[in-house]
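Engineer: Let me give you the structure first, and then I'll get to my questions.
The values are calculated or read from the model by the stated rules, or taken from the named source; none is laboratory data. These numbers come from a predicted model, not from an experiment. Methodologically, a virtual Cβ is constructed for each residue, glycine included, from the backbone with ideal geometry; neighbour enumeration extends over all protein chains shown.
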Amino acid sequence: MGGAVRMNAGAYGKEIKSIIYSTTYVDKDAKLKIVNNLEHEFDYRTSRFAKNKDEIIIESIIKLEKGNKAEIKQKMDDDKKSRKLKQPLQYPNAGSIFKRGNDYITSMLIDKCGLKGYNVGDAYISDLHAGFIINKGKATAKEVLELIAHIKKEIYKKYNKKIELEIEVLGED
């Protein structure tokens, strides 16, 4: 939950910001603080917590809408089916690797560059969805990072676009 709030996670046109009521966190002085929805400073795949790395999310209160149980179940089933058809769930992966651009969808640019299936070691660009890097064996962090660097280079070379990571890389040079 903390990660979803921190990066304003989203899918199918929805984002976590639409259901967050408040979040309790510990600040850099080890004091508990609470922010309301607006104080989260939500934007596309970011929030105040992504900008202030010394704030640690403790809990969030969410506010859900009432709805028809059968309709909600149907929507959940449809989304699950869509994910199975469009995402490489049979392989270990970190989800969508790159953010969308203002005027482009990054996975489409990767696909147009002919990079689906391209690999560095056991790290592969998914044949199913070019926005995913999958592990087909024993991919290392180094291999994944080299593959990301290659993708960035190719997109810049062909489209003059500097693509941004949606994931956050920790503990690697």
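Engineer: Give the residues of the stretch 145-161 that are in contact with a Gly (Cβ under 9 Å, 6 or more places away or on another chain) and either among the aliphatic types (A, V, I, L, M) or within 24 Å of Arg6 (Cβ to Cβ) (or both), sorted by residue number.
Structural biologist: Within the stretch 145-161, Leu147 is the sole residue that qualifies.
Engineer: Do we find that Ile97 is closer than 30 Å to Val35 by Cβ, at pLDDT 95 or above, in contact with a Phe, Trp or Tyr (Cβ under 8 Å, 6 or more places away or on another chain) and surrounded by 13 or more Cβ atoms within 10 Å (Cβ to Cβ) in this structure?
Structural biologist: yes
Engineer: Same structure, new question: What number of residues within the stretch 1-21 are closer than 14 Å to Leu64 by Cβ and touching a Ser or Thr at 6+ places or on another chain (Cβ under 7 Å)?
Structural biologist: Looking only at that region, the number is 2.
Engineer: Can you tell me which condition Lys53 does not meet? The list is (1) assigned to a strand (DSSP E or B); (2) not assigned by TED's automatic domain parsing to the domain that holds Gly137, and all the others hold.
Structural biologist: If we test Lys53 against (1) assigned to a strand (DSSP E or B); (2) not assigned by TED's automatic domain parsing to the domain that holds Gly137, just (1) comes out false.
Engineer: Looking at Leu128, Leu109, Leu115, Leu85, which is the one that is surrounded by 12 or more Cβ atoms within 10 Å (Cβ to Cβ), part of a helix (DSSP H, G or I) and more than 16 Å from the chain's Cα centre (by Cα)?
Structural biologist: Values: Leu128 fails: part of a helix (DSSP H, G or I); Leu115 fails: part of a helix (DSSP H, G or I); Leu85 fails: surrounded by 12 or more Cβ atoms within 10 Å (Cβ to Cβ).
Exactly one residue qualifies, and that residue is Leu109.
Engineer: Right, something else. Regarding Arg100, is this residue basic (Lys, Arg) and touching a residue at least 24 places away in the same chain (Cβ under 8 Å)? Talk me through it step by step, then tell me what you get.
Structural biologist: Numbers: basic (Lys, Arg): yes; touching a residue at least 24 places away in the same chain (Cβ under 8 Å): yes.
Considered against the rule, which asks whether it is basic (Lys, Arg) and touching a residue at least 24 places away in the same chain (Cβ under 8 Å), Arg100 comes out as yes.
Engineer: Suppose we filter the stretch 1-45 for residues that are outside any loop (DSSP other than H, G, I, E, B) and touching a residue at least 60 places away in the same chain (Cβ under 8 Å); how many remain? Before you say what the answer is, go through the steps one by one.
Structural biologist: At the first step, the residues of the stretch 1-45 found to be outside any loop (DSSP other than H, G, I, E, B) are 2-7, 10-11, 14-18, 20-26, 32-36, 38-40, 43.
Subsequent filtering for residues that are touching a residue at least 60 places away in the same chain (Cβ under 8 Å) retains 7, 11.
Of the residues in the stretch 1-45, 2 are outside any loop (DSSP other than H, G, I, E, B) and touching a residue at least 60 places away in the same chain (Cβ under 8 Å).
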